[in-house]
Amino acid sequence: MRQTVAAGNWKMNKTPSETRALIAELAPLVKDAKNKVIVCPTAVCLPAAVEAAKGTNILVGAQNLYFEDKGAFTGEISADMLLDLGVSYVIIGHSERRQYFAETDETVNKKVLKALEKGLNPIICVGESLEQREQGITADLVRMQVKIALQGVSAEQAKTVIIAYEPIWAIGTGKTATTEQAEEVCKTIRDCICELYCADVAEAVIIQYGGSVNAGNSAELFSQANIDGGLVGGASLKAADFAVIANS
Ligand code: PEP
């Protein structure tokens, strides 16, 4: 049985003190959660998050990292810096980073390799735009994104990655993919991993759905055979809502 995972992508929301308050409110609500619970605040809030999550079952993830170890890369954050803080997960290749910050499948791959080399667990985001879905290329595109993201990743390493299928048209729009659409693409991803590695690896990889997951739709989405939890934006900023999702 795969562990299901509810991860909250807080995006550019919450100050350090608001981070402490949200985790304090969330912790008692998710202490017996069935899903693994991860919160991903913005980089400047990570120390506050790690501190506030101590002694709870809440794990902390970052929203990005850089693929070099150190040096003249103004504004960037290395894997070692995240690890030193006590961060254990990192979102890589979120569509907002691809869209606004020129992330490509190649930089995603470099970041995935660096995260794995250092012992951080990557949450790799893939997904199509509305135009691409209407062109009927969703499966091809997502397979390509997965294949490039995992180039050079060993079978043992691949077992530890989380892949989040996030249709861009469903992110922050209130427009959730239907359960069938989400399950179909998550199965496509699992089949692709089986082709790249083997059935054992495909069975082990956690595949999340993301895109307007909320307290009302998480249970049905997470009950699908190939959906192992969710990457949650807006609803993760409300403790009560995220708690329902984490307990789904
Ligand atoms: C996200 O940011 O990854 C996301 C899925 O956002 P939302 O849940 O708000 O659509």
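None of the figures in this text is laboratory data; all of them are computed from the coordinates on show. A quick note: this is a predicted structure, and the numbers were derived from the prediction, not measured. Cβ atoms come from the backbone with ideal geometry, glycine included; neighbour counts cover every protein chain shown.
Name the single residue, out of those in the range 156-182 being assigned to a loop (DSSP other than H, G, I, E, B) and of a type in the set (S, T, N, Q), that is farthest from the ligand (Cβ to nearest atom). That would be Thr160. Output the residues belonging to the range 11-37 that are without any contact (Cβ under 8 Å) to a residue 60 or more places away in the chain and either in contact with a Ser or Thr (Cβ under 8 Å, 6 or more places away or on another chain) or crowded, with 19+ Cβ neighbours inside 10 Å (or both). Listed by number, the residues that qualify are Met12, Thr19, Ile23, Ala27, Lys31.
Candidates in the range 127-155 are the residues that are among the hydroxyl-bearing types (Ser, Thr, Tyr) and assigned to a loop (DSSP other than H, G, I, E, B); of these, the one that is surrounded by the most Cβ atoms within 10 Å (Cβ to Cβ) is Ser129.
Within the range 87-122, the set of residues being touching a helix residue (DSSP H, G or I) at 6+ places or on another chain (Cβ under 6 Å), surrounded by 19 or more Cβ atoms within 10 Å (Cβ to Cβ) and of a type in the set (D, E, K, R) comprises Glu103, Lys114.
Within the range 225-241, if we keep just the residues that are more than 17 Å from Leu29 (Cα to Cα) and either assigned to a helix (DSSP H, G or I) or more than 10 Å from the ligand (Cβ to nearest atom) (or both), the residue that is farthest from the chain's Cα centre (by Cα) turns out to be Ala225.
Do we find that Ile206 is within 18 Å of the chain's Cα centre (by Cα), in contact (Cβ under 8 Å) with a residue 24 or more places away in the chain and within 20 Å of Asp140 (Cβ to Cβ) in this structure? Full working, then the answer.
On the way: within 18 Å of the chain's Cα centre (by Cα): yes; in contact (Cβ under 8 Å) with a residue 24 or more places away in the chain: yes; within 20 Å of Asp140 (Cβ to Cβ): no.
For Ile206, the condition - within 18 Å of the chain's Cα centre (by Cα), in contact (Cβ under 8 Å) with a residue 24 or more places away in the chain and within 20 Å of Asp140 (Cβ to Cβ) - is not met.
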